[in-house]
Amino acid sequence: MSTASNRLTRALSLLDDLEPGAPQRVKANLDTFHADTAELVLGYAFADVVGRDGIDLKTREMMTVAMLAAMGTAQGQLEFHMRAAMNTGVNREEIVEIVLQVSVYAGVPACMNAITAAKKAFEAAEKG
């Protein structure tokens, strides 16, 4: 197995830990853009960065939720990472607190977008 294939395998495994079934959906979507995209994007994001030692996955997901919420421009990724955060042990109240913190440091509009994402993530978790 090549290094690139191993890297993608590690990335897809971590993505599956965040949300079972996500690797197939995400890889299929990226493959329709270009054959190298999954290796480049997922390999970097999940195998090289998110998969590093030093910060546990639950904390990384809390940080990711805060950053995506503060950006206010990545609604789909924010909803995914809110679900992923819950899958790593983050509870609803912790997500609520992250969203409220966003209102102070990124503004009310970003907070309002994050509230919309959180409601969708909570609904998905209930259907789970």
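Tabulated results
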| item | result |
| --- | --- |
| Cα-based convex hull, the chain, per residue volume (Å³, whole number) | 106 |
| Mean Cβ count within 10 Å, highest first, over the residues of peptides 32-39, 107-114 | 107-114, 32-39 |
| Residue-by-residue Karplus 3J(HN,Hα) for segment 77-90, coefficients 6.51, -1.76, 1.60, Hz, glycine and proline x | 5, 5, 4, 4, 6, 5, 5, 4, 4, 5, 5, 9, x, 6 |
| Principal-axis tilt of helix 92-105 within the chain, Cα atoms, nearest 10 degrees | 80 |
| Anisotropy class of segment 3-50 from Cα gyration tensor, a/c 1.5 cut | oblate |
| Between 0 and 90°, nearest 10: helix 3-18 axis offset from the chain longest Cα axis | 30 |
| Max mean-square fluctuation residue, GNM over the chain, Cα-Cα springs under 10 Å, options Ala69, Ala117, Ala106 | Ala106 |
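All of the numbers you see were taken from the coordinates with simple rules; none came from a lab. It should be emphasised that the depicted structure is a prediction, and the values quoted were computed from it without experimental measurement. Cβ sites come from the backbone with ideal geometry, for glycine too, and all protein chains shown count toward neighbours.
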